[in-house]
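Below you'll find the structure, written out as structure tokens, and then a few comments.
The values are calculated or read from the model by the stated rules, or taken from the named source; none is laboratory data. Here the structure is a predicted model, which means the values were calculated and not measured. A quick note on method: Cβ atoms are made from the backbone with ideal geometry, for glycine too, and the neighbour counts reach across all protein chains shown.
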Amino acid sequence: MGNIRNQIQNGVRRIRIRTLGPGVPAQEEIERFGAEGEDAIFRILHGQFSCVLRGVIVPHGKKYLEKDFLVLHKGVPVVIEVKNWKGSIGCETAGGNFYQDKPDGTRKTLKSPVGTTRQFIQCMKAFYGLERTVAGMVVFAEPDCRLNLPDSMKGIRLVSAAGMVSAIRAQVREHAGEPGELPPERVLRCTRIYSRNSEFCKGLLADREIPCTDSEGRQVALQTDYLRYIRIDPQPLHLRDRLTVTYTNGACGVFYNSDAELTLHCLDGSWRRFALNKLRRILF
């Protein structure tokens, strides 16, 4: 009787999570547009460098600072902020803000990404105790973007997507001889969680394991510290989801899950819980 009762309880829990489990809240349209630019830059970086970390963060007071990418190449850390701005981009001499000249003739003032990138690098060096140079770069991902900017401002390189790889390699050549390295496993990273309609939320994933089964039905715990990507495909007739997993070392695997929920600590200090079956993909 006890086994039957447990099976019924597990079945009810599984159905409850799959039907009533919380999903990802809607994000602003501009944030989704920015994520598309980051995806394009990630594909370029991942094809050129062996160690590319996405959504890197450092503590700042009671919250966190975030940058889009960290490339670690020949011991040199390169922090990258991505902007998906269209039109003609320049810098206002007074105040240091950027501007965007749109095709309709209007001008929009934009907050400069240079100061926030410099601040992130300073906090990063202090947090990890780094004496060596940490290079910084702002990449403009939109192909239609025209830059009326200097090559660098306050030590931060300003480059188009087309010039990004060569600019990174130049910085690596310049600073590769300096002592001190940052092991990639020490770097704090944001997790980006996408829903089935491409909405997303990001933060620190609290779960160290995701319970699953393998193709033989054996219980498996996926260690989130070693995951790079999960694609989630529903299998409604089996009341489960198929998880295609890519590990940080490039290996892949397929697993199955029915009722897992995840907890995400957001960068604003709040936290949210998600039903795994409501998601489409997870980028670690």
Among the residues of region 143-157, what is the count of those that are surrounded by 13 or more Cβ atoms within 10 Å (Cβ to Cβ) and either part of a loop (DSSP other than H, G, I, E, B) or touching a residue at least 24 places away in the same chain (Cβ under 8 Å) (or both)? 6
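To keep it simple, each residue is scored yes or no on (1) hydrophobic (A, V, I, L, M, F, W, C); (2) within 27 Å of F42 (Cα to Cα); (3) touching a helix residue (DSSP H, G or I) at 6+ places or on another chain (Cβ under 9 Å); (4) not assigned by TED's automatic domain parsing to the domain that holds F42.
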site: Q219; (1), (2), (3), (4): no, no, no, yes
site: D225; (1), (2), (3), (4): no, yes, yes, yes
site: R228; (1), (2), (3), (4): no, yes, no, yes
site: P236; (1), (2), (3), (4): no, no, yes, yes
site: L243; (1), (2), (3), (4): yes, yes, yes, yes
site: C252; (1), (2), (3), (4): yes, yes, no, yes
site: L262; (1), (2), (3), (4): yes, yes, yes, yes
site: R272; (1), (2), (3), (4): no, yes, no, yes
What pairs can you find where one residue is in region 77-94 and over 21 Å from E36 (Cβ atoms), the other is surrounded by fewer than 18 Cβ atoms within 10 Å (Cβ to Cβ) and of a type in the set (F, W, Y), and their Cβ atoms are less than 7 Å apart, with a gap of 6+ or different chains? G90/Y99; E92/Y99
Which of (1) free of Cβ contacts under 8 Å to residues at least 24 places away in the same chain; (2) at positive phi does G269 not meet, given it meets every other one? (1)
Can you name every one of the strands (runs of 3 or more DSSP E) wholly within region 210-284 that holds 2 or more residues which are under 27 Å from P183 (Cβ atoms)? 219-223, 227-235, 240-247, 252-257, 261-266, 279-283
Tally the residues that are under 15 Å from the mean Cα position of the chain (by Cα) and either over 22 Å from I282 (Cβ atoms) or not hydroxyl-bearing (S, T, Y) (or both), restricting the search to region 55-78. 11
Quickly run through region 59-87 and pick out the residues that are under 20 Å from S152 (Cα atoms) and among the aliphatic types (A, V, I, L, M). L70, V71, V76, V78, V79, I80, V82
Which residues, taken from region 80-94, are small (G, A, S) and under 15 Å from the mean Cα position of the chain (by Cα)? none
Which numbered condition E178 fails, given (1) surrounded by 15 or more Cβ atoms within 10 Å (Cβ to Cβ); (2) acidic (D, E); (3) part of a loop (DSSP other than H, G, I, E, B): (1)
Any hit, region 224-238, residues being free of Cβ contacts under 8 Å to residues at least 24 places away in the same chain and of a type in the set (S, T, Y): yes
Subset of region 227-241, residues buried (at least 18 other Cβ atoms within 10 Å of the Cβ), over 15 Å from the mean Cα position of the chain (by Cα) and of a type in the set (A, V, I, L, M, F, W, C), comes to I232
F274 is checked against (1) farther than 15 Å from P22 by Cβ; (2) surrounded by 15 or more Cβ atoms within 10 Å (Cβ to Cβ) and fails just one. What number does that condition carry? (1)
State the number of residues belonging to region 64-90 that are charged (D, E, K, R) and farther than 26 Å from C51 by Cβ. 1
